[in-house]
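Notes follow the structure.
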Amino acid sequence: MRNFLQRFCANKPARLIEINDRPYLYRIYLGSVLSCPIYLHHFVSGDGDRAVHDHPFHGLSLVLAGSYFERVLVRMDWPCMHTTTRFVQFFNWIPADKAHQIIEPEPNTWTLFITGKHFKGWGFFEERSDGVTYTNRFGNMGQTPWWLTAPTYQELQQAQQQLQQPPELHTSEVETYPLEH
């Protein structure tokens, strides 16, 4: 299934979402039905240090390959945030008011992610020494059609592979010195 998804997505518009300059997931745009975007998500790591967050839309995630653990906000008792950890193997209903964090995806996990229309901003719950804050980092902007000018999934993967490889040294760039006896 994973190999099929890699080939299927190769020429589709995609974006790489990073957290702290590390790849988190590839979001591949498949199209939309009734103004609701449909994506494939290819997870390459968890949310990391990013805060528990909610979404600007209702969404449904269908796991096509792999699985993941998510941290879910259960309740707020100021100044504390109470969470639980869930294992997601098949599907995940994500209403806009569900605050969660992907903490441990199985390597190479793929999901089909269907979103509703945007009707609010992204929200982030951050635990601090004096309590929990809720911020809307990106404002209440609607969905912009980023996929119209996005590189393909394959182009993004190739660029990422090049970044991870050490630079090549050419023998003309290497200085040699005779050994002293």
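The values are calculated or read from the model by the stated rules, or taken from the named source; none is laboratory data. Computed from a predicted structure; not experimentally measured. Cβ atoms come from the backbone with ideal geometry, glycine included; neighbour counts cover every protein chain shown.
Of note:
- Some residue of the stretch 152-161 being in a strand (DSSP E or B) and at pLDDT 85 or above: yes
- Residues that are out of contact with any Asp or Glu (no Cβ under 7 Å at 6 or more places or on another chain) and part of a loop (DSSP other than H, G, I, E, B) within the stretch 45-94 comprise SER45, ASP47, GLY48, ASP49, ARG50, HIS55, PRO56, PHE57, HIS58, TRP78, GLN89, PHE90, listed in sequence order.
- Among the residues of the stretch 17-43, those that are of a type in the set (A, V, I, L, M) and surrounded by fewer than 18 Cβ atoms within 10 Å (Cβ to Cβ) comprise ILE17, ILE19, LEU30, VAL33, LEU34, ILE38.
- Of all the listed residues (LEU64, LEU60), the sole one being of a type outside the set (Val, Ile, Thr), surrounded by fewer than 18 Cβ atoms within 10 Å (Cβ to Cβ), in contact with a helix residue (DSSP H, G or I) (Cβ under 7 Å, 6 or more places away or on another chain) and within 30 Å of PHE4 (Cα to Cα) is LEU64.
- Meets criteria (over 15 Å from PHE43 (Cα atoms), within 15 Å of the chain's Cα centre (by Cα) and aliphatic (A, V, I, L, M)) for ILE102: no
- When the test is whether a residue is modelled with pLDDT under 90, among the acidic types (Asp, Glu) and surrounded by 16 or more Cβ atoms within 10 Å (Cβ to Cβ), ASP54 does not pass it.
- Matching residues in the stretch 100-132 - criterion: being in contact with a His (Cβ under 7 Å, 6 or more places away or on another chain) and either exposed (fewer than 13 other Cβ atoms within 10 Å of the Cβ) or not in a strand (DSSP E or B) (or both): GLY116, TRP122
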